[in-house]
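Just below is one structure, and these are the notes that go with it.
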Number of protein chains: 2
Amino acid sequence: MPAASTELIAVIVAVTGGDPRVLTIADARALPSGSFESGHRSLQAGLRSWVEQQTHQPLGYVEQLYTFADSDRGAEAAGRTISVSYLGLTREARVTGQAAGWQSWYRYFPWEDQRGGTPAMICAQIAPALRRWAASPVQQQRAVITFGLDGRPWNEELVLQRYELLYEAGLVEEWHRRHAPGQLPQSLPGEPMAVDHRRILATGIARLRTKIKYRPVFFELMPDSFTLLTLQQTVEALAGRLLHKQNFRRLIDSQNLVEETGAMATETGGRPAKLFRFRGDVQDERAIAGTKLPLLRS
Amino acid sequence: MPAASTELIAVIVAVTGGDPRVLTIADARALPSGSFESGHRSLQAGLRSWVEQQTHQPLGYVEQLYTFADSDRGAEAAGRTISVSYLGLTREARVTGQAAGWQSWYRYFPWEDQRGGTPAMICAQIAPALRRWAASPVQQQRAVITFGLDGRPWNEELVLQRYELLYEAGLVEEWHRRHAPGQLPQSLPGEPMAVDHRRILATGIARLRTKIKYRPVFFELMPDSFTLLTLQQTVEALAGRLLHKQNFRRLIDSQNLVEETGAMATETGGRPAKLFRFRGDVQDERAIAGTKLPLLRS
DNA sequence: CGAGTTATGCTCATACCCAGCATAAGTGGG
DNA sequence: CCCACTTATGCTGGGTATGAGCATAACTCG
């Protein structure tokens, strides 16, 4: 029975000032992580303990993301490493220790921020490089669909697919580290991270962008009271695209998720906005939602 | 750096004759499983190898389900076990070895089959027991919502929540094994499984019931050609509830997933039905779907 | 006071989903 | 051959959700 060490890796997300942030260590080069030890009551408890030890950031909601053990991860000499990754949501606090800090996640994935329209780098840099790389029509098609080229719609959920495509095409530094060490092209898109942390971050972003559509996860990201515009901007930061204001409001209040606090926000720059808070009692009822099959009554 | 052994556990699903089946070993008491070994190229490869070795059932689509390491799992003396579970879909083949076989999953979760209306056992057995157990209004509420009592709608996705509620209420044998060994009430609902395999199965069913609503997973479960009724019955088997026939058909062909083979099925008992096959070329296009945010054009 | 900014209410067309009606095309029994 | 029964398939009519915009209200700043 060969034993393997188990590693815990955290993608901790906050939204501050309209920017989606991820908690990092090692001068923005790595995600908080540590090994699963016998003192840990559970995987999740071990993860919380490592994050708090490395960054002193308190955690709220945490869910499991994915477990990796592929042999393309670091040294495989003395037993392999299993990596269990988690996604967590919080509000940003001051962090300390181990060169810890909060980074905009678009630093690692600049092409994912489509709030100001399609980033220039996609047309100028990524699309041409992908077309040069794509040998078969199938690969062409894959590039066109995942990046929404040729006028196709942008699908913000395909974060991981886009990263993997860039990886296979040799357009991220992580690929060169493994397959062509030494020679590194200048100006590859997005900052790299240690080992496969950037891939794990992509997995986390994708999960969050999917989840936000059917479950009100922004709960954990918002302060106690907020305006609807702030809430909208938080969602926009995560989704990487802009939303229709009036329809967003209708959506929110049709869900009955929030209630007015009675107070108003005055520093809006325009008409003062009502302040809202989340209704505490909605947790369970949420569970009832969700269906897309043509069900039958009886 | 404490090492732990890693275990792979498989929830392999097929649908045969309108029955959702799960692949088991040990005379229907356990799921196929084995330890992750250095010879395995990846977690998934290890899993496939164990399943084929233990049951000789060929596998198709496989995806990761969840990773467990909670200390409520078996012996925690000499190093802990990490369990990585997978969900797989196939067509049922003849299996052999290790007391392997296919079981209807409703054998383990009889309350989950609502195709013939709410099973009598819910009103007769489960609901009263839960009401007796529920101490606080919160617990009452939880029981009422997860089991759709008091006329509330049944949500077929809450498979895991229902199992966990029954567990906490001491209404499944697995709870008694851990917390009150020796004395076992008669007639607890559903057959038990080894260790926490029934919980893992619940996780798999829940995942499948969720997934079937936004991705055409039944691909792997169907023979090469089939009638629309057979397809509908397959979905009904998984969802545990009946669907509106005409609307189901409209849904299917609006998705452009299938095409007519030209042939007809004659043994329907009524008017002969057209036979269909899945269109092979639809894979990528699927990716574009899925959104529920009020997006903006520009 | 006017320009600029944000908040908020409402409308309208469209797409999609629920539920059922109606008809077609087989089977088996008298 | 006719009838009762079963399954297949087409279509309609009402509801609800969604996309896109118009219009107005209530502030700040110069």
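The values are calculated or read from the model by the stated rules, or taken from the named source; none is laboratory data. Bear in mind the structure is a predicted one, so any value in this text is a computation, not a measurement. Don't worry about glycine lacking a Cβ; one is built from the backbone with ideal geometry, like all the others, and counts go over all protein chains shown. Just so you know, the surface numbers come from the protein's heavy atoms only, side chains and all, with ligands and any DNA or RNA stripped out. Shrake-Rupley method; radii C 1.70, N 1.55, O 1.52, S 1.80 Å.
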- [ ] Once you have a ≥ b ≥ c as the square roots of the Cα gyration tensor eigenvalues for the protein assembly as shown, tell me rounded if a/c is under 1.5, and otherwise prolate or oblate according to whether a/b is larger than b/c.
- [x] rounded
- [ ] Would you mind getting me the FRET efficiency between B:A120 and B:T227? Use the beta-carbon distance for r and R0 = 30 Å, nearest 0.05.
- [x] 0.45
- [ ] Quick one: which residues, 5 or more positions from A:T16 or on another chain, have an amide H under 5 Å from its amide H? H modelled 1.01 Å from N in the peptide plane, none for Pro or chain starts.
- [x] A:R21
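Using alpha carbon coordinates only, what is the Rg to Rh ratio of chain A, with Rh defined as the Kirkwood radius?
Reported Rg/Rh (Cα atoms, Kirkwood Rh): 0.99.
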Task: Pair-distance profile P(r), taking every C-alpha pair of the range A:5-106, with 10 angstrom steps and integer % - done: 16, 47, 30, 7, 0
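Count, for each residue of B:39-51, the Cβ atoms from other chains sitting within 10 Å of its Cβ, then give me the mean as a whole number.
Shielding by partners across B:39-51 averages 2.
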TODO: Measure off 7 Å from each Cα along the Cα-to-Cβ vector at B:S49 and B:H244, then give the distance between these two points in nanometres to one decimal.
DONE: 5.0 nm
Task: Reachable aspartates and glutamates, given that their alpha-carbon falls under 13 Å from the alpha-carbon of B:K245 and they are not under 8 places away in the same chain - done: B:E236, B:D253
Open item on the list: Using a 10 Å cut-off around each Cβ of peptide B:251-262, what is the average number of partner chain Cβ atoms that fall inside?
Closed with: 0
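Sorted by accessible area with a 1.4 angstrom probe, largest first, how do A:R215, A:R132 fall?
Ranked from most to least accessible, the order is A:R132, A:R215.
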Task: Per-residue [θ]222 nm for chain A (sum of -39500 (n - 2.57) over DSSP H runs n ≥ 4, rounded to 500) - done: -8500 deg cm²/dmol
Task: Accessible-area value, A:Y214, 1.4 Å probe, nucleic acids and ligands omitted, Å² - done: 130 Å²
Task: Per-peptide average of other Cβ atoms within 10 Å, ordering B:259-266, B:97-104 highest first - done: B:97-104, B:259-266
TODO: Indicate the gyration tensor shape class of the range A:115-187 (rounded, prolate or oblate), computed on the Cα atoms with a ≥ b ≥ c the square roots of the eigenvalues: a/c under 1.5 is rounded; otherwise a/b larger than b/c is prolate and the rest oblate.
DONE: prolate
- [ ] Find out how many positive minus negative residues lie around A:G262, taking Lys and Arg as positive, Asp and Glu as negative, among other residues whose Cβ is under 15 Å from that of A:G262.
- [x] 0
- [ ] For the protein assembly as shown, give the share of DSSP beta bridges that are antiparallel, in percent and rounded to the nearest 5; count only bridges with both residues there.
- [x] 75 percent
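I'd like the FRET efficiency for B:T261 and B:A194, computed as 1/(1 + (r/R0)^6) with the beta carbon distance as r and R0 of 51 Å, rounded to 0.05.
Details: r = 43 Å, r/R0 = 0.84.
E(calc), rounded to 0.05, equals 0.75.
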TODO: Among DSSP beta bridges whose residues both lie in chain B, state the antiparallel percentage, nearest 5.
DONE: 70 percent
Open item on the list: How far, in nm to one decimal, is A:L229 from itself in the other copies if the label point is set 7 angstrom along Cα toward Cβ? Shortest first, please.
Closed with: 6.0
